[in-house]
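The values are calculated or read from the model by the stated rules, or taken from the named source; none is laboratory data. Given the structure is predicted, the values throughout are model-derived calculations rather than measurements. FYI the Cβ positions are ideal-geometry reconstructions off the backbone, even for glycines, and counts take in every protein chain you see.
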Amino acid sequence: MIIKVAALAGFCFGVKRAVETVDALTAENTKVYTLGKLIHNATIVNDFARRGVEIIGEEDIDRVYTKTDAEHPSVVVIRAHGVVKAVSDRLEECAKGNPYFTVSDQTCPHVKKIHRIVEKHSRDHDVTLIFGNIGHPEVQGICSYVDGEYLVFERSDDLDYGNFTNKRVLMVSQTTQKLSEWEKSQKNLKKVCTNALIFDTICSVTENRQTEVDALSKEADIMLVIGGRDSSNTNKLYEIARKNQPETYFVEDVSDLPDVKVTARTIVGIAAGASTPGSIIKEVKKKMSEKELATAKENFAELLDASFKTLNTGDIVTGTVLSVTDSEVTVDLGAKVTGIIQAADIIDPTVKLSDLYKVGDEITAKAVRVSDVDGFATLSRRSIEANAKWEGIVTAFNEGTVLEGKVTEVVRGGVIVILNSVKVFVPASQTGLKKDADLSVLQGTIHKVKIIDINEQRKRAVGSIRVVEREERKAAEEAFWASMEKDKKFTGKVKSLTSYGAFVNLGPVDGMVHLTELSWKRIKNPAEVVSVGDTLDVFVIDFDVEKRRISLGHKTEETNPWTLFTNQFSVGDVAPCKIVSMMPFGAFAEVIPGADGLIHISQIANKKIGKPADVLELGQVVDAKIIDIDEENHKISLSMRALLEEEEEIEVELVEEEAADEE
């Protein structure tokens, strides 16, 4: 039997993130609640329930809120489908009102994107068409963000397209809908509505998954589609597979496996929905493999008899462990000879045999020397284990699994990474380094690798570090954009400067701080205030997810020179001021950086002068009295003369006091 597992079977990014988040939360001293079932998979949901995770409805939010305090903190998890806007707003309100009530929003980034689209564009259109299942939580959430009339349809033929002629139409789709039906709907709408605004919001993973199942079901003799029966995307996969292969079965777990007959030539295709954990996929695959083994064991008696007759060097044999020491394992082969496996004959001789095998274990090995005279056969596990390790590499390739390994060699054209005890070649172009970079910097480093090609005959595999980095970067970007909101604060490094602003790295993406947002002072070039590599505190002014653009601000009211000035000075205060410019009518002096005041020519000296330069110099620091503050126009009036007159009055008083003393 040949088992082929679809590469995209199992958890998608959104579901994986939600499950891992709840898994991590259960380890904390916090009560965890999920709004509805976290995913459409009973195994995962029941496991979380055993660990104390409670499923609640929208009507339970206030109940949870009222009993949450410092001794009983709680977290409410929004599942990947998302929730309606009113519920999201209520949760946000609760989180602001109680520091011990937190919300973990695990809404899939692709679903969040649809929310933003309909929220932004629906008000400008006569009707919003939503392709999806009206009862599905994801669709209900999308509807709640529509501002205006909307219509949900499940099949293209459900719509009377003539109703939309000459109308402004916005159309989106539920992320897990059937691609062929969605394309048919777009085609029909465009015939009657040439200016319709259509967003392709079916998740790219969903599209690829459906395309892969369509191809696999045409090749397979039996198709197994694994997933929850209430999972929208799994049902779509089942429909696609059954159209091509009538012998298609819907399987929730191994207990649902059909009683089918298989042979060595039977091709079994396995696909799984986005909410199906990898463990169930592996169990199904293992169970199907056991079906073939069960068929082979029907003739066990005959095989056993044959084993007594002969055992030759090179034979692959299976036996039962009779005894184990740190130096050797004795195996009952059901033959005239007893098998012996030395510690040196396993793939990793550093591991103790007693840690690997127990009496009664079934073990498979290769006969490397047979002596009927001595009654012993020397066995080796090396080739068997190597084959098992290689099968792990093949499985990783078929399932798209990411492995982790160490770079052990730099060879011509690339490096060698040890994955699952197997040497895997990573070409220089797939290392993630720049072209012609020194590959020796990778020696001894640990990396995540994805198998991108295999040669089963030669047992050679090619891996890629770059593919994993690209996928992780893409996932990080999607998560970043999903969490993006106005006024959100970041601390980033200045990546580059242009004539109109500075680009700041925010992690997965860059944002731009316009020249006018860098400083309260008027500047001609960003280099006047920042340099590449500087750390900058910024906040989001605006963003465009579709165009992948973020506008950032840096200057805040707290750093506004006028605010700093008014907080520090009042009318009547004396301040040291720096002369920064001179005009025929007076001189401008800097009180604090960014806040200048005018010393009128009549306020420079206590006598008439021809021009400010007769008394003052640029850069000179003088004491001046603040005689007026124009709050509305942000103007400051300063006087040096007032201080001079005060000094004169003091001198006159001193003279009068001395004269009075002499009398």
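In region 521-537 there is no residue that is touching a Phe, Trp or Tyr at 6+ places or on another chain (Cβ under 8 Å) and either hydrophobic (A, V, I, L, M, F, W, C) or assigned to a loop (DSSP other than H, G, I, E, B) (or both). Please verify whether region 454-461 includes one or more residues that are over 23 Å from the mean Cα position of the chain (by Cα) and on the phi > 0 side of the Ramachandran plot. Among the residues of region 454-461, at least one is over 23 Å from the mean Cα position of the chain (by Cα) and on the phi > 0 side of the Ramachandran plot, which makes the answer yes. Residues in region 378-421 that are at pLDDT 85 or above and among the acidic types (D, E) were compared, and the one that is nearest to I454 (Cα to Cα) is E391. V15: buried (at least 16 other Cβ atoms within 10 Å of the Cβ) and touching an Asp or Glu at 6+ places or on another chain (Cβ under 8 Å), yes or no? Judged against the criteria, V15 is not a match.
Mind listing just one residue for me: the one in region 245-256 that is within 12 Å of V225 (Cβ to Cβ) and in contact with a Lys or Arg (Cβ under 8 Å, 6 or more places away or on another chain) and, of those, surrounded by the most Cβ atoms within 10 Å (Cβ to Cβ)? Among those that are within 12 Å of V225 (Cβ to Cβ) and in contact with a Lys or Arg (Cβ under 8 Å, 6 or more places away or on another chain), it is T248.
Looking only at residues that are of a type in the set (A, V, I, L, M, F, W, C) and at pLDDT 90 or above in region 516-536, which one is surrounded by the most Cβ atoms within 10 Å (Cβ to Cβ)?
So in region 516-536, the residues of a type in the set (A, V, I, L, M, F, W, C) come out as 518, 520, 523, 527, 529-530, 532, 536.
So of that shortlist, the ones also at pLDDT 90 or above come out as 527, 530, 532, 536.
Details: A527: 12, V530: 20, V532: 12, L536: 18.
For region 516-536, the residue satisfying everything is V530.
With (1) over 31 Å from the mean Cα position of the chain (by Cα); (2) within 30 Å of E590 (Cβ to Cβ); (3) acidic (D, E) as the list, and D537 as the residue in question, which single condition is left unmet? That leaves (1) as the condition not met.
So the check is Cβ under 7 Å with 6+ separation or different chains; which pairs have a first residue in region 261-286 that's over 15 Å from A6 (Cα atoms) and at pLDDT 85 or above and a second one that's surrounded by 20 or more Cβ atoms within 10 Å (Cβ to Cβ) and of a type in the set (V, I, T)? Once the first residue is over 15 Å from A6 (Cα atoms) and at pLDDT 85 or above and sits in region 261-286, its partners that are surrounded by 20 or more Cβ atoms within 10 Å (Cβ to Cβ) and of a type in the set (V, I, T) give T266/I222.
If only residues of region 175-214 that are in a loop (DSSP other than H, G, I, E, B) and of a type in the set (V, I, T) are counted, the one that is farthest from A80 (Cα to Cα) is T194.
If you check I55 against the conditions, is it under 20 Å from H136 (Cα atoms) and either basic (K, R) or at pLDDT 90 or above (or both)? Don't jump to the end; show me each part of the working.
Details: under 20 Å from H136 (Cα atoms): yes; either basic (K, R) or at pLDDT 90 or above (or both): yes.
Spelling it out, I55 is indeed under 20 Å from H136 (Cα atoms) and either basic (K, R) or at pLDDT 90 or above (or both).
Within region 59-88, restricting attention to residues that are under 25 Å from G135 (Cα atoms) and of a type in the set (D, E, K, R), the residue that is nearest to the chain's Cα centre (by Cα) is R79.
Within region 44-59, the set of residues being part of a helix (DSSP H, G or I), farther than 23 Å from I281 by Cα and touching a helix residue (DSSP H, G or I) at 6+ places or on another chain (Cβ under 8 Å) comprises E58 only. Would you confirm, using the coordinates I've provided, whether I56 is in contact with a Leu (Cβ under 8 Å, 6 or more places away or on another chain) and in contact (Cβ under 8 Å) with a residue 60 or more places away in the chain? No. Of all residues in region 100-152, those satisfying the criterion of being of a type in the set (A, V, I, L, M, F, W, C) and in contact with a Gly (Cβ under 8 Å, 6 or more places away or on another chain) are C108, V111, V127, V139, I142, V152.
Restricting attention to region 409-429, does a residue exist that is touching a residue at least 40 places away in the same chain (Cβ under 8 Å) and in contact with a His (Cβ under 8 Å, 6 or more places away or on another chain)? Step through it out loud before you land on a result.
If we filter region 409-429 for residues that are touching a residue at least 40 places away in the same chain (Cβ under 8 Å), which is where we start, we get 417, 419, 421.
Still in the list and also in contact with a His (Cβ under 8 Å, 6 or more places away or on another chain): 417.
Within region 409-429, one or more residues are touching a residue at least 40 places away in the same chain (Cβ under 8 Å) and in contact with a His (Cβ under 8 Å, 6 or more places away or on another chain).
Of all residues in region 215-260, those satisfying the criterion of being among the β-branched types (V, I, T) and assigned to a helix (DSSP H, G or I) are T234, I240, V254. Just to be sure before I move on: is L638 out of contact with any helix residue (DSSP H, G or I) (no Cβ under 8 Å at 6 or more places or on another chain) and not assigned by TED's automatic domain parsing to the domain that holds W520 in the structure I sent? No: the conditions fail for L638.
Take the residues of region 63-96 that are loosely packed, with under 14 Cβ neighbours inside 10 Å and touching a residue at least 24 places away in the same chain (Cβ under 8 Å): which is nearest to S231 (Cα to Cα)? Only one residue fits best here, namely A86.
Residues in region 357-377 that are outside any loop (DSSP other than H, G, I, E, B) and among the small types (G, A, S) were compared, and the one that is nearest to N455 (Cα to Cα) is A365.
Which one is farthest from E219 (Cα to Cα), of the residues in region 263-279 that are surrounded by fewer than 21 Cβ atoms within 10 Å (Cβ to Cβ) and in contact with a strand residue (DSSP E or B) (Cβ under 7 Å, 6 or more places away or on another chain)? Here the residue is T266. Do we find that G339 is more than 41 Å from the chain's Cα centre (by Cα) and either outside any strand (DSSP E or B) or without any contact (Cβ under 8 Å) to a residue 24 or more places away in the chain (or both) in this structure? When the stated conditions are applied, G339 does not pass them.
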